[in-house]
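Here the structure is laid out as structure tokens; the discussion comes afterwards.
The values are calculated or read from the model by the stated rules, or taken from the named source; none is laboratory data. This one's a predicted model, so the numbers in the text were calculated from it and none came from an experiment. For neighbour counting, all protein chains shown are included, and Cβ atoms are generated from backbone atoms with ideal geometry for every residue, glycine included. In case anyone asks, the SASA skips ligands and DNA or RNA and just uses the protein heavy atoms, side chains included. Shrake-Rupley method; radii C 1.70, N 1.55, O 1.52, S 1.80 Å.
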Amino acid sequence: MLTLADENRYTAALEGSGFFGADSWYMNAAANTAYAERVRANWRLTMPVLFLHAAHDYVCETIDSRLAEPMRAHCANLTEAIVPSGHWMAQEKPDHVNAALAKWLAAQLPELWPAP
């Protein structure tokens with residue numbers, strides 16, 4: 001699934017920056033929860049939002065569980081797509097992820113994707 005060349009690229013990148021940025025969300029659970037409690041009643045995202053479900057992600061299962069319900073309730077312009085992968089969809093199925101992104105962008109910004 002991960003070539004040695006890819007592993008070396010990830011290692012080099014993480015040696016330079018570490019996991020701080022990627023882990024910040026998880027390290028700030030108390031602050032994130034407090035913020036969510038303050039804004040929960042009235043917030044709604046109005047910009048276009050794309051959510052990719054991983055068909056075989058059994059840890060963060062969002063297709064059949066209720067896990068995605070808050071997102072659906074709070075996103076006015078939500079598009080959902082399913083990628084036939086596990087949790088690491090961008091690494092496992094990059095063509096599917098890129099195709100879903102391109103399709104979504106073309107649908108949301110048709111003026112930037114003129115017909116041939």
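Looking at the structure I just gave you, is LEU2 in a loop (DSSP other than H, G, I, E, B), open to solvent by 50 Å² or more (accessible area, probe 1.4 Å) and in contact (Cβ under 8 Å) with a residue 12 or more places away in the chain? Yes. Across the stretch 5-17, the qualifying residues are those that are open to solvent by 80 Å² or more (accessible area, probe 1.4 Å) and under 22 Å from LYS93 (Cβ atoms), and the one among them that is modelled with the lowest pLDDT is TYR10.
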